[in-house]
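One structure below.
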Amino acid sequence: MREYLDLRSDTVTRPDEEMRNAMRDAEVGDVVMGDDPTVLRLERMGAELFGKEACLMTVSGTMSNQTAVLSMTGRGEQIIVHDKSHMFNLEVAGLAQISGVQPRTLPAPGGRYDLGELEANLIGTAIQTAPTTLVCMENTFNLNQGLVVEKEHIDQVCELAHGKGVPVYMDGARILNAAAALDMEPDVLCRETDAVSVCLSKALGCPVGSLLAGSAEMIEKARRMRQMLGGGWRQGGVLAAAGIVALNRWKELKQDHLRARSLAEGLLKLGLGVNLEQVQTNIIRIDLSPVDLTAAAFCGRLAEFGVLAKPVELQAVRMICHRDVGDEKISAVLQAAADCLNSLAG
Ligand SMILES: *Cc1c(COP(=O)(O)O)cnc(C)c1O
C-alpha cells in the first residue's frame, strides 16, 4: 500500500514504539470492578492536570461529551452549545437521543459567546420553559480551524453562568493545544470550568481514549453513565498505558503548531487562501477560491502526489500537522501542493 503524508487529521497519529511498549507492559485489573491500576493512575494524572477532584477515562471524545451531559443535566432541560460545535453537529444528535436535552445553539465566532446573548438565554424554570442547566464551550474551536479561546473569555462565561447557578462544561478535545499555544498550564486555563474533557487519540498519538475531569460527585455519576453507554471495559489498562505516555508529552504539541505555521506560510506563497492570523494551533484551513478549485478536485489530485488533506467545504480544505509528519516532511508536503496546483493549471 502506498504511504501517504496524511494531514487529514491528527487522529491518524499512531502509537509509536514507546507507547506500544507501555501498552504491552501495562499492569491491568478490571475497570468495572474498579481495580485496574493503570487506568486509576491515568485518571489521577488527568485530575491533576486539569486541577479537578476526579477524572474518568472513556473511549472517545464523543463518549466524554455525552457522559458529561448525562451527568450534568436532566431530561427536558436546555443546554447552550455553539452552533458550530462538535457536540451539536457531529454526535448523532446524542444530546437529544441520549440525554433528552434541548440544545439551544448560539453563534460563537472564534469560540466566543456574546455575553449579553448568553445571559439572555440562561432561562429559568417557568410553566412554559425548559430551564438552562448547562453551558458548553469548545477549545480549541473548531475542528476545522483550531482557534484558541483564551482564559479571559472562559472565565467571563463561567462567571455569568455560575451567577445563575449554571455549570460550564468544556469540550476540550484539543484543549492541550490551546494550553500549549497560550503557554499556560491546563489547570489554570480550565480553573473556572466545572468539567472538561480531552482527547488522547488526536495529536497525542493514542490509539483510543479520552478523559473527563470534574468534581468528585459529578465523576461518580459519570462513571455509572459511562457504564450505561457500554464504556465499562475490563483490562482498560492496556489503553491507559498509552494515555500516560501521551499526557507526559503534551507540551510537544507546540512542535505541531510550529510546523503548521511554516506549512501555512508556504501554502500562502503558492497562492492558496490561508489566513495566518487564524493558524493558531495545528490546524490550517485552506481557501481554494483564489485558485478557483473545488476541494474534491484539489484533494483528489494532491493524493496523486502523495499527500492527503480533508475537504471541509465546497472550496475549502483542512490540513492538520501532527507528530507523524515531522519537520523534515513539511517541504515534501509543500512540493506536492505546488506540483498539484501546476498540474491542475496545465
Ligand atoms: C474530535 C472531537 C470530538 C470527538 O472526539 P472523538 O474521540 O472523535 O469521539 C469532540 N469535540 C471536538 C471539538 C473534537 O474535535
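The values are calculated or read from the model by the stated rules, or taken from the named source; none is laboratory data. The structure displayed is predicted, hence computed values, not measured ones. So basically every Cβ, Gly included, is an ideal-geometry build from the backbone, and we count neighbours across all protein chains shown.
Got at least one residue in the stretch 200-211 being buried (at least 16 other Cβ atoms within 10 Å of the Cβ), within 20 Å of Met72 (Cα to Cα) and within 16 Å of the ligand (Cβ to nearest atom)? Checked against the condition, which is being buried (at least 16 other Cβ atoms within 10 Å of the Cβ), within 20 Å of Met72 (Cα to Cα) and within 16 Å of the ligand (Cβ to nearest atom), the stretch 200-211 yields at least one hit.
For every residue, the table says whether it meets (1) of a type in the set (Ser, Thr, Tyr); (2) under 20 Å from Gly231 (Cβ atoms); (3) touching a Phe, Trp or Tyr at 6+ places or on another chain (Cβ under 7 Å).
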{"site": "Glu18", "(1), (2), (3)": "no, no, no"}
{"site": "Val28", "(1), (2), (3)": "no, yes, no"}
{"site": "Leu40", "(1), (2), (3)": "no, yes, no"}
{"site": "Met72", "(1), (2), (3)": "no, yes, yes"}
{"site": "Gly76", "(1), (2), (3)": "no, no, no"}
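When Val148, Val166 are screened for being of a type in the set (A, V, I, L, M, F, W, C) and more than 15 Å from Val69 (Cα to Cα), only Val148 passes. Screening the stretch 256-300 for residues that are in contact with a Pro (Cβ under 9 Å, 6 or more places away or on another chain) and surrounded by 15 or more Cβ atoms within 10 Å (Cβ to Cβ) and picking the one that is farthest from Asp183 (Cα to Cα) gives Thr294. The residue that is nearest to the ligand (Cβ to nearest atom), among those in the stretch 44-76 that are basic (Lys, Arg) and more than 18 Å from Ala241 (Cβ to Cβ), is Lys52.
Screening Gly243, Gly230, Gly209, Gly271 for residues that are at pLDDT 95 or above, at positive phi and under 21 Å from the mean Cα position of the chain (by Cα) leaves exactly one candidate, Gly209. Scanning the stretch 157-176 for residues that are within 15 Å of the ligand (Cβ to nearest atom), among the hydrophobic types (A, V, I, L, M, F, W, C) and not in a helix (DSSP H, G or I) yields Met170, Ala173.
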